[in-house]
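These notes concern the structure reproduced below.
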Amino acid sequence: MSSGAIQTLPLTGFTSRAPAPEPPGARPGAAEGSARPAAASGPGARPGMGERGAALRGDTARREDTARREDTARRGDTARREDTARRGDTARREDTARREDTARRGDTARRLERFEALRGNGGSTLHALQCLEEQYGDQWTSFTVLLIHSGGYSQRLPNASALGKIFTALPLGDPVYQMLELKLAMYIDFPRHMKPGVLITCSDDIELYSTGVTETITFDKPGFTALAHPSDLAVGTTHGVFVLDPSSFSGKGGLEYGSCYRFLHKPDLETMQQSGAVCVRGDRPQLSSLGSRGDSAVASECVYTDSVFYIDHSTAQQLLQFYKQMGTLCCEIDAYGDFLQALGPGATPEYTKNTSNVSKEDSGLVAVRQQLYSLLQGTALNVIVLNNSQFYHIGTTQEYLFHFTAESKLRFELDLQPVAFSIFPDTAKALDHLSVIQSVLEPGCVVGPGSVIEYSRIGPEVSVGKGSIVSGSYINFTADIPSDCLLSSVSVKITDRVEYVTMVFGVGDDLKKSVKLLSDIHSLQFFGANLPECLDLWNLEASDQLFSSEDTRLGLWTARIFPVCSTLSESVRMSLNMLNSVQHKSAFKLSGFQLLSVEEMLTYKDVEDMLKFRKQIYDEICLQRQKEKSDYRMSST
């Protein structure tokens, strides 16, 4: 009998004593037979040992069978309840996810609506004037204001999208300068020679100039006053061009004050020739194909192009009153094209109907332009011609890479460094054609020529190809970043938790391009492949829900293709896996991830966390430098 079982036996009919002697004449074996249970007989006879045992065993079996059935039933009920609970939880999660998605979509739309109410850099300029008046009242009439357009969406330089092009880091200074600081340095002399008014500039251009000892740049005339730079004719087709009044312009000297007869906005060559904008110049510098005004040889012809302009306070007040009367602008207006084209004695209203240079055409644009023309018609456009000046534009990935890594004049004139305020392996110091800005690169990593690394931490088993941009990323795993790749990480906060998304594109991908129909998205190119091919590899369906835009703008900018991850390094890994799948035509499923578009990244961006990561890198570089100084002092004693 096993120790774990208890057995009960009936004692009736059994004896534990030795058998008694058989009486005389007893039948042999009777004693042995007496040990067998006696059979019950007759009515009311008590059951014998065997029948009682069988009955008990039957009861036990029935009880066990009942217990098994009840246990099975309980397990079934439990399983059904658990299954129901799981289905309920799944339904609740799906419902919550739908509500969250709907809420995000609604909030995104509202934020974009608020942002677009500013309507381009013209609208944002007018809005800024209104904010000044609301904040300071009549006091602002005595202010000299520097107004810098921060850069908008920065679709042509998306690594600057989250924080704005005005905060673009430069490979200059220790710690590094940003565009804002360079702008302040370049304009440091202006306030002393400026009457109350507003000086307006962009965040992605750099003006370098030289004047005589006795020459000063003065902004003191009524109306508008603009700086003008000699440029190649090809540059004029993508910028504003001044048609100078010949009677006020001699073409001699480093600095001249003149007046503008007419302003042209991104004119073609024929228009420049016919309007009299082209000047014959001897020994004037010419722009290279990558955006600087002065990186080439002698040219006999040039045009004078725009950069910074000043509005005196009286004219700024007129524009502010116009904005108040309009309420909310119904269209996107441009501070350069829509303000300056209305100025000068040669201005005509024809430009108000020309929408060829408009990024987003609105039905009310022509009417608003006509009102601006009526408001500003007859207002003077004064020009300060800087003959010894250079204008550099770094607002696109190609210009950014060229000026930071190639032998450009900007790099020479600003003394831009290949390694600026960074921890960089000594073994790679000989590489000159790259740009590393406030980053930590561990020994063993490889960075190809023509590439820019900013605000990033790069591990020892990382290879970066040629002509690539890596921004705000942490790569602590084996990675091969291909050439001509843009990799930029953004911290986001969708609920209350900080998460990370990394955008990845080819540096030549057109993020401004959009189509209206799903059937046309094959024209969108992602790293050399059309978008539908990429979606198939990523197990994503081409649908309206794939895009975050509310107004049928279907493009790389609004495509929800970038996975949200819990860590910065993991977000980089996932985006590189996406890119790898496209390059090698191998599947990489994104269907299980929460996905954001670049448009949504900017809506949910967590600037504080991004700055925190930059500060961590800054602190590590400072500590490393202190250690190096301490080690040097100890070794020299």
Exercise for review: Give me the distance between the Cα centres of the range 545-602 and the range 367-387, rounded to whole Å.
Suggested key: 44
Exercise for review: Show the residues, 5+ positions off or on another chain, whose built amide H is closer than 5 Å to the amide H of Asn354.
Suggested key: none
Exercise for review: Extending each Cα 7 Å along its Cβ direction at Asp174 and Thr214, get the distance between those two points in nm, one decimal.
Suggested key: 4.1
Review point. Residue separation times 0.36 nm, minus the C-alpha to C-alpha distance between Arg633 and Leu269: what's the value?
Key: 124.7 nm
Point to revise | Stretch gain in nm, segment Glu461-Asp95, where the contour uses 0.36 nm per residue and the Cα spacing is subtracted | key: 127.5 nm
Review point. Cα-Cα pairs above 23 Å in the range 120-393: how many percent?
Key: 54
Exercise for review: Calculate the spin-label point distance for Ile188 paired with Thr328, positioning each point 7 Å from the Cα along the beta-carbon direction, and give it in nanometres.
Suggested key: 4.5
Revision key, fill the gap. The FRET efficiency for Glu350 and Gln624, from their Cβ-Cβ distance with R0 = 60 Å and rounded to 0.05, is 0.50
**Study point:** Semi-axes of the equivalent ellipsoid for the range 415-619, Cα gyration tensor, largest first, Å
**Key:** 30, 19, 15
Exercise for review: Place a +1 charge on the Cβ of each Lys and Arg in the range 394-519 and a -1 charge on the Cβ of each Asp and Glu, then give the dipole magnitude about the Cα centre in debye, rounded to the nearest 20.
Suggested key: 380
Check your understanding: Loop-only check: which chymotrypsin sites (Phe, Trp or Tyr not before Pro) in the range 445-504 are DSSP coil with at most 16 other Cβ within 10 angstrom?
Key -> Phe477
Practice item. Would you mind computing, in nm to one decimal, how far apart the modelled labels at Glu533 and Gln371 are, each placed 7 Å from Cα along Cα→Cβ? Key: 4.8
Study note, to complete from the structure: To the nearest 0.05, the calculated FRET efficiency linking Asp496 and Lys252 through their beta-carbon distance, R0 being 56 Å, is 0.30
Revision key, fill the gap. Taking Cα pairs closer than 8 Å and at least 6 residues apart, the relative contact order of the range 221-265 in percent is 38
Practice item. For Glu70 and Phe143, calculate 0.36 nm times their separation in residues minus their Cα-Cα distance, and state this gained length in nm to one decimal. Key: 17.5 nm
Point to revise | Residue list for the range 481-511, given a label point 7 angstrom along the Cα-to-Cβ vector of Glu442 and an amide N cut-off under 17 Å | key: 481
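Here, each number is a calculation from the coordinates, and none is a lab measurement. Small disclaimer: the values here were computed from a predicted structure and weren't measured. Cβ sites come from the backbone with ideal geometry, for glycine too, and all protein chains shown count toward neighbours.
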